[in-house]
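Shown next, in structure tokens, is the structure this report addresses.
The values are calculated or read from the model by the stated rules, or taken from the named source; none is laboratory data. This is a predicted model, so every value here is computed, not measured. Positions of Cβ are generated from backbone atoms using ideal geometry, with glycine treated the same way; all protein chains shown enter the neighbour counts. What goes into the accessible areas is simple: the full protein's heavy atoms, side chains included, and nothing from ligands, DNA or RNA. Shrake-Rupley method; radii C 1.70, N 1.55, O 1.52, S 1.80 Å.
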Amino acid sequence: MSKKYTGTWNSVNEHEVPKWYDGCKFGIFIHWGIYSVPAFAPRTWELGAVETNEEWFCNNPYAEWYYNSINVGKGPSYEHHIEKYGKDFSYEDFLPMWKAENWQPQKWAELFRKAGAKYVVLTTKHHDGFCLYPSEYTDFNCEELGPKRDITGELTDAVRSEGLKMGLYYSGLIDWQFANDPIFKEEDNFGNACPTFEYADYSYNQMKELVDKYHPSVFWNDIGWPKQSEHMMPYFLAHYYNVVEEGVVNDRFNGLYHDFSTKEYKQGEANRKEKWEMCRGMGLSFGYNENEGDDQLISVPDLIHLLVATVSDNGNLLLNIGPKPDGTIPAEQEKRLLALGKWLEINGEGIYDTSCSAHLPETAGDGVQLFFTAKEKDLYVFIEGLSKEENTVLIPGVKGSAETLDSTLNVQCEETKEGMKVRINGYDKEKHIICLKVKDGE
Ligand SMILES: C[C@@H]1N[C@H](CNC(=O)c2cc3ccccc3o2)[C@@H](O)[C@H](O)[C@@H]1O
């Protein structure tokens with residue numbers, strides 16, 4: 001019998017992070033919207049690498065911020081818009097160009113499964129206020145306009161038919177249909193956006209209709225929660241957990257509450273003592289950016305490193321894809337998803353359903369890095385930075401014997417007083433990071 005929550009902080013604070021979320025480790029984020037039509041942003045910085053001041057907002061690398069990037073009236077996106085579309089072409093004029101004519105949600109869901117992802121998070125309403133579902137509270141939605149399909153409903157069905165969990169993203173505190181002054185600095189962004197009770201009611205009702213219509217396993221709120229409805233938060237959470245027993249929420253509700261904390265590119269702190277999630281695009285943008293071709297996206301080795309380093313530190317990786325307006329996924333993004341899936345087919349036992357090991361990451365000499373995960377008493381050792389076919393690596397403080405998850409590798413172990421010395425034969429760089437299993441090694 002599932003617990004019943006009441007609309008009090010005491011009640012909802014009893015909620016625990018469900019095991020499924022911790023065990024999944026890898027999800028797919030999807031930013032798809034009107035902004036996918038212009039698909040333009042300058043390639044500047046990773047969030048968190050520089051101050052989010054006027055220079056950031058006038059050279060925003062996030063293509064999904066196109067509305068604001070032209071609204072600020074200066075910078076590369078503004079100039080691009082004037083040159084390519086002209087001063088009189090509005091953001092909403094892109095809507096008829098978003099046809100999703102080649103969109104096959106089942107193909108997306110199959111690709112996410114092959115990538116080794118276990119959950120998906122789709123933008124249902126980003127900052128531009130356009131809803132990717134038939135909301136009862138606005139006609140500015142994708143059933144009435146643009147694709148003229150229930151994108152959220154169709155993708156939710158496809159994702160669940162492939163055995164993955166479905167999560168929904170909602171821009172809780174920025175909605176340029178309600179407040180569209182150009183944003184030049186953080187304070188405009190988080191503190192003063194949408195300061196009306198009308199918006200607080202609207203967003204509360206939309207968040208509830210998303211829960212009631214789609215029963216999302218993850219409610220991924222962004223930016224913040226309207227101050228005028230902060231007192232309603234326990235009621236929202238109680239309703240969500242009563243309707244979706246396995247539900248989880250992130251930490252972007254004005255710091256009032258979270259099941260898991262988040263990082264975004266270089267912004268945010270991760271504390272391995274609590275569950276956290278890293279989200280980022282494959283380039284510098286979440287929305288599709290035509291300026292980001294194969295050479296500008298994160299490499300496969302760096303992607304595998306990011307997943308291993310995140311999971312070994314008690315995190316999940318929520319990796320974003322930015323689809324094209326016709327509903328196809330850019331080939332350079334698909335290529336990386338399939339490469340990650342191939343690696344996980346061999347090494348996933350050391351990733352999925354593991355917990356943080358007592359062993360901290362460390363270097364093992366010759367540029368070799370070690371990362372650890374655990375599954376009950378078993379220890380998994382990830383070895384990064386091998387370069388030769390034959391390698392000897394010392395794993396400090398680890399006893400017993402190890403087997404490799406990659407059956408094409410040959411591993412011999414020797415116990416020394418410093419730890420386990422392993423000889424690895426058959427390595428090649430296409431294997432990237434390898435994983436050893438040490439029975440009862442944790
Ligand atoms: C997933 C991305 N989120 C961006 C907004 N980011 C945040 O609100 C944010 C980033 C962040 C990092 C650490 C802790 C909290 C945080 O909040 C949002 O502006 C982007 O367009 C994209 O949707």
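See the values below:
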| quantity | calculated |
| --- | --- |
| Flag if Ser171 is in contact with a His (Cβ under 6 Å, 6 or more places away or on another chain) and either within 16 Å of the ligand (Cβ to nearest atom) or among the hydroxyl-bearing types (Ser, Thr, Tyr) (or both) | yes |
| Flag for Ile298 being within 16 Å of the chain's Cα centre (by Cα) and either crowded, with 24+ Cβ neighbours inside 10 Å or part of a helix (DSSP H, G or I) (or both) | no |
| So Phe140, is it more than 20 Å from Asn250 (Cα to Cα), modelled with pLDDT of 95 or more and over 20 Å from the mean Cα position of the chain (by Cα) | yes |
| Qualifying residue in the range 91-104 (condition: open to solvent by less than 10 Å² (accessible area, probe 1.4 Å), within 19 Å of Asn180 (Cβ to Cβ), assigned by TED's automatic domain parsing to the domain that holds Gly283 and within 14 Å of the ligand (Cβ to nearest atom)) | no |
| Tally, over the range 265-279, of residues that are out of contact with any Ser or Thr (no Cβ under 7 Å at 6 or more places or on another chain), open to solvent by less than 30 Å² (accessible area, probe 1.4 Å) and either assigned to a strand (DSSP E or B) or within 10 Å of the ligand (Cβ to nearest atom) (or both) | 1 |
| Tally of residues being of a type in the set (D, E, K, R) and buried (at least 16 other Cβ atoms within 10 Å of the Cβ) across the range 1-26 | 2 |
| All positions within the range 307-332 that are among the β-branched types (Val, Ile, Thr) and either in contact with a Lys or Arg (Cβ under 7 Å, 6 or more places away or on another chain) or closer than 30 Å to Leu145 by Cβ (or both) | Val311, Ile321, Thr328, Ile329 |
| Hits in the range 1-38 - residues which are touching a Phe, Trp or Tyr at 6+ places or on another chain (Cβ under 7 Å), closer than 24 Å to Lys263 by Cα, in a loop (DSSP other than H, G, I, E, B) and modelled with pLDDT of 95 or more | Lys25, His31, Gly33 |
| Hits in the range 143-160 (condition: buried (at least 19 other Cβ atoms within 10 Å of the Cβ) and either more than 16 Å from Cys131 (Cβ to Cβ) or in contact with a Gly (Cβ under 6 Å, 6 or more places away or on another chain) (or both)) | Ala158, Val159 |
| Count of residues meeting criterion [touching a residue at least 40 places away in the same chain (Cβ under 8 Å) and either closer than 22 Å to Trp276 by Cβ or charged (D, E, K, R) (or both)] in the range 214-235 | 10 |
| Selection from the range 161-185 of residues that are charged (D, E, K, R) and open to solvent by less than 50 Å² (accessible area, probe 1.4 Å) | Glu162, Asp175 |
| Enumerated helices (runs of 4 or more DSSP H) restricted to the range 65-155, each holding at least 3 residues that are touching a His at 6+ places or on another chain (Cβ under 9 Å) | 66-71 |
| Cross-chain or 6+ apart pairs with Cβ under 7 Å, the range 139-166 first and over 19 Å from Cys24 (Cβ atoms), then small (Gly, Ala, Ser) | Phe140/Gly129; Asn141/Ser135; Pro147/Ala100; Arg149/Ala100 |
| Residue check, Phe382 open to solvent by 10 Å² or more (accessible area, probe 1.4 Å), touching a residue at least 40 places away in the same chain (Cβ under 8 Å), not charged (D, E, K, R) and not in a loop (DSSP other than H, G, I, E, B) | no |
| Which numbered condition Trp56 fails, given (1) hydrophobic (A, V, I, L, M, F, W, C); (2) within 15 Å of the ligand (Cβ to nearest atom); (3) under 27 Å from Val218 (Cα atoms) | (3) |
| Elements of type helices (runs of 4 or more DSSP H) contained in the range 181-264, each with 2 or more residues being within 11 Å of the ligand (Cβ to nearest atom) | 186-190 |
| Only one of Lys399, Lys388, Lys324, Lys377 that is open to solvent by 10 Å² or more (accessible area, probe 1.4 Å) and closer than 30 Å to Asn102 by Cβ | Lys324 |
| Test: residue in the range 34-53 that is open to solvent by less than 10 Å² (accessible area, probe 1.4 Å) and charged (D, E, K, R) | no |
| Any hit, the range 76-84, residues being among the polar types (S, T, N, Q), more than 12 Å from the ligand (Cβ to nearest atom) and crowded, with 20+ Cβ neighbours inside 10 Å | yes |
